[in-house]
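The values are calculated or read from the model by the stated rules, or taken from the named source; none is laboratory data. Predicted, not measured: the structure shown is a model, and the values here were computed from it. Methodologically, a virtual Cβ is constructed for each residue, glycine included, from the backbone with ideal geometry; neighbour enumeration extends over all protein chains shown. Accessible surface areas use protein heavy atoms only, side chains included; no ligands, DNA or RNA. Shrake-Rupley method; radii C 1.70, N 1.55, O 1.52, S 1.80 Å.
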Amino acid sequence: MFRKVLVANRGEIAVRIIRALREAGIASVAVYSDADRASLAVQMADEAAHLGPAAAAESYLRIDRILDAARRHGADAIHPGYGFLSENAEFAEACQSAGVVFIGPPAEAIRAMGSKTEARKLAIAAGAPVVPGTEAAVTDLSAAQRVARGLGYPVLLKASAGGGGKGMRRVDREDDLETAIRDASSEASRAFGNGDVYLEKLVVEPRHIEIQVLGDQHGHMIHLGERECSIQRRHQKVVEECPSPLMREHPELRAHMGEAALKIARRAGYYNAGTMEFLVDRDRNFYFLEMNTRLQVEHPVTELVTGLDLVHWQLRIAAGGRLDIQQQDVWWAGASIECRIYAEDPDNQFLPSPGRITRLMEPSGPGVRLDSGVYEGWEVPFEYDPLLAKLAVWGETREVATARMQRALREYVVGGIRTNTAFFTEILNSKVFRDGRLSTAFLDDFFMQRQPMPRNFGAEAVAALVAAASSKPSDAMTRPQSGSHWLRSGRDEQLR
Ligand code: MV4
C-alpha cells in the first residue's frame, strides 16, 4: 500500500478522499489555492501544499506545480478526484514519468474514452448497443438527408468532439436539417475548435442510467450496478439514486446493462473505477453514450447500497492489489438517494451564491451521510463550482429513503448564503418523482408545472429564528403552523 498520497483536488471530494486515506493508515497531502488556504480539506489533511492563485488554471490545473508538491512532500501516489485533471491523459502520463502512481485508469483508456466518437466505435467493437447513427462526420446535405431518412425523424445532431450537450440539435423534419447542421457545427467550432457533427436517432425522453465498474490490474473486473441520474438541469445532475426505480419492475435489466458495461471496459483495457453512461428508452432498450474514466460525484449512492468503499478500492487497485470480490458476491441492499447541495439561488435562475457561511447546522442521524467540504465561518469562493456538500441517505425502501431525505433536508441549516435545499423538498414531494417515472425531461416538466410551496417552512425559517433572538434552539425546532406569526414576519418576501 501507499505511504503518502497527494489529493489533487478541493472541496468535498478532497475531504472524502482524505477520509479514505486516514482509514487506510495512509498519510494525506492536501493542495490549495489562495482562495482555499483555510479549506476543510487543508485542515483535515496531514500536510498541505500551496499551488498558486485562486484561478484553477494557475493552481488545480497546473500539472507542474502538483507534481512538484508531490515530490516535495514525498507522496508516492496522487488521487485526482473528479473534474480538474482527473480525465487528463497527459497528467496521468506525467505522474508516471515523475515516478508517482496516478490513482485511476491507464492513460490510454482515458484518451480513448475522451473522444465520444472513439468511445462509440469501441462500444460497437465490443458488441455493446449504441444509439443507431453514424460516427462519420456529416459532409454534405444530401448524404445527411439519406442518413436521417434511414434513421427516421426525429434525429439528433451531435458534435464529434462534444460533450455536455454543446453542438447538439434536435431535428424533426428534413426541411430543418440544413439549418440545424449549420447551427450545430458553428456551436461545436466555438466550443471545441472542431465543427464536425454526426447524426444519431433521437431517443425521446430517455432515462440516464449509468453503470459503475471496478477492475484491478490483473484482469478482474466487476460492475456495481446502476445509478439513475435522470434528474438533471442543463446537463448538471441534481438528484441521483440507486437502484434505478426502473429496476424494481425489471430486475434483469441490471445484469444486462452490467454485462454491456463490462464488455466495453474490457475492450478499453480499463482498470480502477469507471462509469458507463447509458440512455434507456421507454421500451427499456439501452444504448451506450459515453464513459467517465474517474470517480464520480454521485458515487456515494452506490457505496450506500453495495456497502463497498469505492475510494478504498481505488487505492488498493492502484497499488497493484487484487479486487477479491466476485460478481455474485455483489449485493444491492435497500435504496439510496443523493442531493447535490449548492450555494445557489433557485428563485433567481440558480445564480451562484458564494460568500461567508454564517451559520451551519448539518443533518445526521439514521441513514444519513453528508459529504461536505464546508464549515461555519468558511467563505465559499466564487472561483469554483459552488457545490457545498452531497447529502445522501439510505433506507430499506425508496419510500423510506425519500422520507429520510426530506427529514435531513429539514435539519439542514445554512446561513449567510442561499442554497438549493428547498428545491429538493419540492422535487421529492412531486408525484412524478414518487412514482419513479423519471426521464431527462423531468426537470423541464417540473419547472413547467411547478406550484411553488411556501418556502419558509424548513431550515431557513429555523435559522432565521435562531439567529434573530436568544431563543433556545429547542423552541426554534418546533415546526411552525402555517398561520404562525413569524412565518409572515421578516423573510416573508420569500413566500410566493
Ligand atoms: C442523446 C439524447 C437523446 N437521443 N442522444 C446529452 C449530453 C450528451 N452527453 C448526450 N445527451 C443526450 N444524448 C440521443 N441519441 C438525449 C441526451 C440528453 C441527456 C442525456 C443524459 C442526461 C441528460 C440529458 C438531457 C438532455 C439530453
Once the Cα gyration tensor of region 132-201 is diagonalised, semi-axes √(5λ) in Å
18, 11, 11
Find, among the trypsin sites (Lys or Arg not before Pro) in region 216-309, those assigned to loop by DSSP (not H, G, I, E, B) with at most 12 other beta-carbon atoms within 10 angstrom.
234, 282
For the residue 90, residue 55 Cβ pair and Förster radius 25 Å, calculated FRET efficiency rounded to 0.05 is 0.80
Added length on full extension, which subtracts the Cα-Cα distance from 0.36 nm per residue, residue 322 to residue 249:
22.8 nm
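Using the Kirkwood radius over Cα pairs, work out the Stokes-Einstein diffusion coefficient for region 33-102 at 10 °C and 1.306 mPa s, in µm²/s as a whole number. Walk me through the numbers before you get to the answer.
Numbers: Rh = 12.5 Å.
Answer, rounded: 127 µm²/s.
Tell me the carbon and sulfur percent of the accessible area for the chain, rounded to whole percent, probe radius 1.4 Å.
On the way: 10120 of 20590 Å².
That fraction is 49 percent.
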Skip the ligands, DNA and RNA, and give the accessible area per residue of region 4-103 with a 1.4 Å probe, whole Å².
36 Å²
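Might you tell me the accessible area per residue for region 213-448, computed with a 1.4 Å probe and given in Å²?
Details: 8900 Å² over 236 residues.
Counting only protein heavy atoms, the per-residue value for region 213-448 is 38 Å².
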Around residue 230, which amide H atoms from residues at least 5 apart in sequence, or from another chain, sit under 5 Å from its own amide H, with H modelled in the peptide plane?
208
For residue 64, placing the label point 7 angstrom along Cα-to-beta-carbon and taking region 75-106, residues whose amide nitrogen sits under 18 Å are 85, 90-99
Please state the charge dipole magnitude for the chain, taken about the Cα centre, from unit charges on C-beta atoms (+1 on K and R, -1 on D and E), reported in debye and rounded to the nearest 20.
460 debye
Positive dipole terminus of region 132-201, leading residue within 155, 141, 181 (C-beta point charges)
155
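What number does the chain give for Rg over Rh if you use C-alpha atoms and the Kirkwood radius? Mind showing how you got there, number by number?
Details: Rg = 23.3 Å, Rh = 24.0 Å.
With Rh from the inverse mean 1/r over Cα pairs, Rg/Rh is 0.97.
Would you mind calculating the gained length between residue 347 and residue 182 on full extension (0.36 nm times residue separation, minus the Cα-Cα distance), in nm to one decimal? Don't skip to the answer; put the middle values down first.
Working: separation 165, 0.36 × 165 = 59.40 nm, distance 3.50 nm.
Contour length minus Cα-Cα distance gives 55.9 nm.
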Whole Å is fine, so just give me how far the alpha carbon centre of region 1-61 lies from that of region 396-438.
30 Å
